[in-house]
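This report concerns only the one structure given below.
The values are calculated or read from the model by the stated rules, or taken from the named source; none is laboratory data. Not measured: the values here are computed from a predicted model. Positions of Cβ are generated from backbone atoms using ideal geometry, with glycine treated the same way; all protein chains shown enter the neighbour counts. Protein only, heavy atoms only, side chains kept; ligands, DNA and RNA dropped before computing areas. Shrake-Rupley method; radii C 1.70, N 1.55, O 1.52, S 1.80 Å.
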Amino acid sequence: KEVIGEKGYERAEKYAKLALTGKRTTFENMTISPSGEKMYAEVTYIPDFGHDGNVSGLFTIVINISEHKRIEEELRIEKDFQKNLLDTAQMIVLMLDPEGKIVHFNRYMEGISGYELDEVKGKDWFSTFLEKDHQDDIRELFKKAISDIQTVGNVDKIVTKDGRRRDI
């Protein structure tokens, strides 16, 4: 309690008790430094077995993971920003895997197509959204584009959920 304080002790006590039963335990702990800064640690309790096979104490390993947590938070903020940007852009953002299956599209595409992403995620883009007589040509154009063969942009129609045709 003298080292980690009353609250820190309360958080760590259940893990220490578990380790005293012979099970190695690891957990993360956050504390506030005297300067008011969040500090994160990964704490591992390792049982120390005596010659008789019983637990006689604990080894404690504490690793400062504050920098790791700071970087994780920065990445999360950046990811959220990018997702928000893509979701609110007034343009179609569409991601297909190399086979032409739908990986992601933004809310704008949901509005234009009438489909929510979850309805068509993993489905073939060409057979789901394109008119039958254009599917093969556009699929070939896609294959060229992902094979680093220079292609020219293409304007085509998609078939919306309600059967309408929309130029994109």
Interatomic Cα distance distribution for region 105-168, bins of 5 angstrom, percent:
3, 17, 25, 25, 19, 9, 2
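Return one whole number: the accessible area per residue of the chain in Å², for a 1.4 Å probe. Please report the intermediate quantities before stating the final value.
Values: 12040 Å² over 168 residues.
Value for the chain: 72 Å² per residue.
Using only alpha-carbon positions, what ratio does the radius of gyration of region 31-112 give when scaled by 2.2 N^0.38 Å? Write down the numbers at each step before the final one.
Numbers: Rg = 23.7 Å, N = 82, 2.2 N^0.38 = 11.7 Å.
The value comes to 2.02.
Which values, in whole Å and largest first, are the semi-axes of the equivalent ellipsoid of the chain obtained as the square root of 5 times each eigenvalue of the Cα gyration tensor?
Semi-axes from the Cα gyration tensor: 56, 20, 15 Å.
So, with +1 on the Cβ of K and R and -1 on the Cβ of D and E, and no other charges, what is the size of the charge dipole of region 63-129 about its Cα centre, to the nearest 20 debye? Could the numbers behind the result be given before it?
Working: 9 positive and 14 negative charges, 8 e Å.
Result for region 63-129 is approximately 40 debye, rounded to the nearest 20.
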If the limit is 27 Å between Cα atoms, which of K69/K101; K7/K79; K123/K144 go over it?
K69/K101; K7/K79
Highest average packing first - 136-145, 86-95, Cβ atoms within 10 Å
136-145, 86-95
With a 1.4 angstrom probe the carbon and sulfur portion of accessible area for region 29-104, in percent, totals 60 percent
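Give me the Kirkwood hydrodynamic radius of region 1-62 in Å, from all C-alpha pairs, to one decimal place?
In region 1-62 this quantity evaluates to 12.5 Å.
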Using only helices, what value at 222 nm comes out for the chain when you add -39,500 (n - 2.57) per DSSP H run of length 4 or more and divide by the total residues, to the nearest 500 deg cm²/dmol?
-12500 deg cm²/dmol
If you place +1 on the Cβ of every Lys and Arg, -1 on the Cβ of every Asp and Glu, and leave all else neutral, what size is the dipole of region 1-122 about its Cα centre, to the nearest 20 Debye?
300 debye
